[in-house]
Amino acid sequence: EISSRGEQSDRLILKGVQQIMQELSDNFEQYNGNKVSRGNFLTNQKRREKQGEVSEEKVYLEDELKCKFKDKDREQVAQILYEVLSSIGGKSLNEANLRDQVDEYYDTPDYQFARKKESLRVRQSRDKFIGTYKTPKGHRKALTSREEMSINIDQKSAYELIRGAKLQHGIDIPENIDSVLQVENKRLKQDFLVDGIPLEISIDDVHNVD
């Protein structure tokens, strides 16, 4: 960006930085994340340094791919998933399990999250709660792709979401958020390990939307 739009002095600075990086290439690590994940990592690192908890721990985000199917294609889709995972050496970590869960979505009165294609959710499964912030959607042909950040909370409330997002990810969530949508579904979930990477395949049957 500097090389194409910056002033001459900026381009000289950039050239100097590139020379330093080439000379010390062994000290640099390739970064394949995006600006959101990098910002989260740096924010949490600064917070830990202030608290005297300097750590090299990295922040990793989940990458979610989602696709909707018709109910009549259920068995065919399940078979395709199994064949694909088997072909790439997917190793099952646990047997598929079925569980009931309730997803409650939060937004501001003027729907700031919806308008920005973001989402803020609390998922309840049994007696456990987990908050989730999802970035705007991207598209890969028929698939919907987006990154998500988990927010550890003790109970379902707007206060817990706001507090957790700030402390855990450095994200400022408006204080006027409230519950706007509740979705009940049954989830069939299977965990796999592919080339050392944990992969979760989930099929949700939505049976009630309020």
Item to complete: Confirm whether E184 is within 18 Å of F129 (Cβ to Cβ) and touching a His at 6+ places or on another chain (Cβ under 8 Å).
Response: yes
Worksheet item: Which of (1) surrounded by 17 or more Cβ atoms within 10 Å (Cβ to Cβ); (2) over 20 Å from D205 (Cα atoms); (3) modelled with pLDDT of 90 or more does I171 not meet, given it meets every other one?
Response: (3)
Discussion item. Taking the conditions exactly as written (open to solvent by 100 Å² or more (accessible area, probe 1.4 Å), closer than 25 Å to N152 by Cα and either touching a Pro at 6+ places or on another chain (Cβ under 6 Å) or at pLDDT 65 or above (or both)), does L98 satisfy them or not?
Written reply: yes
Worksheet item: Just for segment 110-138: of the residues that are among the basic types (K, R), closer than 19 Å to L188 by Cβ and loosely packed, with under 15 Cβ neighbours inside 10 Å, which one is modelled with the lowest pLDDT?
Response: R126
Worksheet entry | So A78, is it of a type in the set (A, V, I, L, M), surrounded by 10 or more Cβ atoms within 10 Å (Cβ to Cβ) and modelled with pLDDT under 80 | yes
Item to complete: Filter segment 175-200 for residues that are assigned to a strand (DSSP E or B), in contact (Cβ under 8 Å) with a residue 12 or more places away in the chain and open to solvent by 40 Å² or more (accessible area, probe 1.4 Å) and give the result.
Response: D178, S179, V180, L181, Q182, E184, K186, L188, L193, P198, L199
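The values are calculated or read from the model by the stated rules, or taken from the named source; none is laboratory data. If you're wondering where the values come from, they're calculated on a predicted model, not measured in any experiment. Neighbour counts run over all protein chains shown; Cβ positions are idealised from the backbone, glycine included. These accessible areas exclude ligands, DNA and RNA; they are computed on the full protein's heavy atoms, side chains included. Shrake-Rupley method; radii C 1.70, N 1.55, O 1.52, S 1.80 Å.
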